[in-house]
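Below: the structure, in structure tokens.
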Amino acid sequence: MTSQRIGKYACLEVEHRYLLNKTPDDLLDNPRGWLITDRYFPHTRLRLRHMKSLAGDTDIYKLTQKYRSETQNAYEATITNVYLTEAEYDLLQALEGKVLRKKRYPYTLPGYSLSIDVFEDRHQGLILAEMELEEKAGVDELALPSFVLKDVTEDPFFTGGSLMTMTDEEFRQGLSQRLRDHEHLS
């Protein structure tokens, strides 16, 4: 998230999202990552998140409201986080919601860093990277590594909220189509 406030509590999030064809070598051996379990509440902009460090020594619980206003670009979102105790998390976890699980790994390159998400369960096979920025300027000039297939920032298919509304078949077909489209453009 940027330090730019929107209203009293919300912040502006500026990020680019990339589809990857594989994980970088040795990434999955990195103990600095997180196991993330998101519960998306239906018909809301709310997500309940549990982040457990892969080392097993840290748990973070938060309730997040994230949305894009009509005036925001695809790489911008308004985000508000409320940090919770484990007891508060457990209470909210009882509410109906759709669960998405992924492992997130930090990945540093010269001049910038990525958060690489390796999805699990029904979204297994999907690997995305996110780059959070203070501002959009300069991102298009970055030399991206060869495992990055394409920038999918403007494709709503790859947002967490969208992934949760799809059936397994819609997800598989949508991902396959996007991978085929990339092969035809290469």
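The values are calculated or read from the model by the stated rules, or taken from the named source; none is laboratory data. Note that the structure is predicted; figures quoted are calculated from it, not measured. Here the Cβ is made from the backbone with ideal geometry for all residues, glycine too, and neighbour counts use every protein chain on show. These area figures cover heavy atoms from the full protein model, side chains too; ligands, DNA and RNA do not enter into them. Shrake-Rupley method; radii C 1.70, N 1.55, O 1.52, S 1.80 Å.
Does residue 104 count as of a type in the set (D, E, K, R), touching a Phe, Trp or Tyr at 6+ places or on another chain (Cβ under 9 Å) and open to solvent by less than 60 Å² (accessible area, probe 1.4 Å)?
Working: of a type in the set (D, E, K, R): yes; touching a Phe, Trp or Tyr at 6+ places or on another chain (Cβ under 9 Å): yes; open to solvent by less than 60 Å² (accessible area, probe 1.4 Å): yes.
Yes, satisfied.
Do you know which of the residues in the stretch 27-64 that are polar (S, T, N, Q) and under 14 Å from the mean Cα position of the chain (by Cα) is farthest from residue 84 (Cα to Cα)? So, considering only residues that are polar (S, T, N, Q) and under 14 Å from the mean Cα position of the chain (by Cα), the one farthest from residue 84 (Cα to Cα) is 37. Note on the stretch 83-93: residues that are part of a helix (DSSP H, G or I) and open to solvent by less than 40 Å² (accessible area, probe 1.4 Å) total 1. Restricting attention to the stretch 139-162 and to residues that are part of a helix (DSSP H, G or I) and closer than 21 Å to residue 107 by Cβ, the residue that is most open to solvent (accessible area, probe 1.4 Å) turns out to be 141. Among the residues making up the stretch 64-82, a single one is open to solvent by 40 Å² or more (accessible area, probe 1.4 Å) and among the aliphatic types (A, V, I, L, M): 82. Of the residues in the stretch 27-39, none is closer than 29 Å to residue 181 by Cβ, in contact (Cβ under 8 Å) with a residue 24 or more places away in the chain, surrounded by fewer than 13 Cβ atoms within 10 Å (Cβ to Cβ) and in contact with a Lys or Arg (Cβ under 8 Å, 6 or more places away or on another chain). In the stretch 163-186, of all residues being part of a loop (DSSP other than H, G, I, E, B) and open to solvent by 60 Å² or more (accessible area, probe 1.4 Å), the one that is modelled with the highest pLDDT corresponds to 167. Checked against the criterion of being part of a strand (DSSP E or B) and touching a Ser or Thr at 6+ places or on another chain (Cβ under 8 Å), the candidates 72, 65 yield just one match: 65.
Evaluate the following for residue 98: is it open to solvent by less than 20 Å² (accessible area, probe 1.4 Å) and touching a residue at least 24 places away in the same chain (Cβ under 8 Å)? Walk me through how you get there before you give the answer.
Values: open to solvent by less than 20 Å² (accessible area, probe 1.4 Å): no; touching a residue at least 24 places away in the same chain (Cβ under 8 Å): yes.
Answer is no for this residue.
Taking the stretch 26-54 as the range and being over 22 Å from residue 152 (Cα atoms) and part of a loop (DSSP other than H, G, I, E, B) as the test, the residues that pass are 26, 30, 31, 32, 33, 41, 42, 43, 44, 54.
Whether a residue is closer than 23 Å to residue 123 by Cβ and part of a strand (DSSP E or B) was assessed, and residue 80 does not pass this test.
Going residue by residue through the stretch 83-93, is there one that turns out to be under 30 Å from residue 142 (Cβ atoms) and either of a type in the set (Phe, Trp, Tyr) or in contact (Cβ under 8 Å) with a residue 24 or more places away in the chain (or both)?
Going residue by residue through the stretch 83-93, those that are under 30 Å from residue 142 (Cβ atoms) are none.
Within the stretch 83-93 (the criterion being under 30 Å from residue 142 (Cβ atoms) and either of a type in the set (Phe, Trp, Tyr) or in contact (Cβ under 8 Å) with a residue 24 or more places away in the chain (or both)), the answer is no, since none of the residues qualifies.
Return yes when residue 61 is touching a helix residue (DSSP H, G or I) at 6+ places or on another chain (Cβ under 6 Å) and open to solvent by less than 30 Å² (accessible area, probe 1.4 Å) and no when it is not. First the steps, then the outcome.
Numbers: touching a helix residue (DSSP H, G or I) at 6+ places or on another chain (Cβ under 6 Å): yes; open to solvent by less than 30 Å² (accessible area, probe 1.4 Å): yes.
Taking the combined requirement at face value, the residue satisfies it.
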